[in-house]
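One structure below.
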Amino acid sequence: MEERPFRVLIVDDEPELTEAMADVLELKGIEVATADNGAQALERLQSEPFDCVLMDIMMPGMNGVETLRRARELVPGIIVILMTAYTVDDLMEEAEREGAFSILTKPIDIPSFVTFLEEFRQRSPVLIVDDDMESCALLHRELMARGVRTVLVQDVVEGMTALTDHQCETVILNLPMDESTLRAVMALRKLDAKVALILMNQCTQLKHELHHDHDRRTIMTVGKPFDVDHILVLLDEIRKERASAHLIQGRL
């Protein structure tokens, strides 16, 4: 089945701004729709699929924060990025509580936003390192059925080669948690310090050792038997976190 295009909804009461941004994004192969206000945005979200919403905070009628709240009720988990030319502390605090992915200053840095979208829509394969091939194959089938490409290996030595060959950015690791596994995981992190790890074991000691010099947000644990829905949530969080680095300069 062919994947649908990556789609962005831009919501702003300044049509010149939305049209200019839409033109730039469409040149990058991103499908764009626009809305002039919050009510129009919610109507579009009810009837069309979108991957990301870029929306002004200060709009007549329903403001961006209220629209954000209702949008996340309609489409739980949707990425909503707010933008504003003004400092409105109360609204920005409320926006963060309601789950705004980021709040950017206007005029936004279009190249950084495009880079964020390109990073976010990329779906590099997930590397599964598992010495139990039956368990490994089951997880592979479950993830593939949900549209996640995977690469399977049985040990960390193979994993280090696969990490580079397939440009994997996330590793699901299911190995006995002992000293040799710790050394193997540290070797993976040395090969690629940014690789995200999902450990198929509630091993607090391993996480503690890794947290000494690595970002805790890139090391997660899940129990067994695995919950595919939970793993998908973690994979989505990792992808969002990695992409959000491109928005830092424009944040308020």
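The values are calculated or read from the model by the stated rules, or taken from the named source; none is laboratory data. Keep in mind that what you see is a predicted model, and the values were worked out from it rather than measured. Ideal geometry is used to build each Cβ from the backbone, glycine not excepted, and the neighbour counts take in all protein chains shown.
Observations
- Filter pass, ASP155 being closer than 27 Å to LEU25 by Cβ and among the acidic types (Asp, Glu): no
- Matching option when the condition is more than 30 Å from THR84 (Cβ to Cβ), modelled with pLDDT under 75 and of a type in the set (Asp, Glu), among ASP227, ASP192, ASP213: ASP213
- Qualifying residue in segment 170-184 (condition: under 17 Å from the mean Cα position of the chain (by Cα), free of Cβ contacts under 8 Å to residues at least 60 places away in the same chain and under 29 Å from ASP23 (Cβ atoms)): no
- For segment 92-118, a residue qualifies if it is surrounded by fewer than 16 Cβ atoms within 10 Å (Cβ to Cβ) and under 30 Å from MET200 (Cβ atoms), and exactly one does: GLY99.
- Residue within segment 140-155 that is among the β-branched types (Val, Ile, Thr), closer than 23 Å to LYS194 by Cα and out of contact with any strand residue (DSSP E or B) (no Cβ under 8 Å at 6 or more places or on another chain) present: no
- Restricting segment 107-139 to residues that are small (Gly, Ala, Ser) and over 22 Å from GLY29 (Cα atoms) leaves a set whose member that is modelled with the lowest pLDDT is SER135.
- Among the conditions (1) over 21 Å from the mean Cα position of the chain (by Cα); (2) surrounded by fewer than 21 Cβ atoms within 10 Å (Cβ to Cβ), the only one that ASP12 does not satisfy is (2).
- Residue check, PHE6 among the aromatic types (Phe, Trp, Tyr) and touching a residue at least 60 places away in the same chain (Cβ under 8 Å): yes
- Within segment 140-155, tally of residues that are among the β-branched types (Val, Ile, Thr) and at pLDDT below 80: 1
- Subset of segment 109-157 [of a type in the set (Val, Ile, Thr) and part of a helix (DSSP H, G or I)]: ILE110, VAL114, THR115, VAL156, VAL157
- Residues in segment 37-72 that are surrounded by fewer than 18 Cβ atoms within 10 Å (Cβ to Cβ) and small (Gly, Ala, Ser): ALA39, SER47, GLY61.
- Test: residue in segment 67-84 that is assigned by TED's automatic domain parsing to the domain that holds ASP13 and either over 23 Å from the mean Cα position of the chain (by Cα) or hydroxyl-bearing (Ser, Thr, Tyr) (or both): yes
- Subset of segment 1-51 [assigned to a loop (DSSP other than H, G, I, E, B) and not acidic (Asp, Glu)]: MET1, ARG4, PRO5, PHE6, LYS28, GLY29, ILE30, ASN37, PRO49, PHE50
- Selected residue (criterion: nearest to GLY99 (Cα to Cα)) from residues of segment 54-71 that are among the β-branched types (Val, Ile, Thr) and part of a helix (DSSP H, G or I): VAL65
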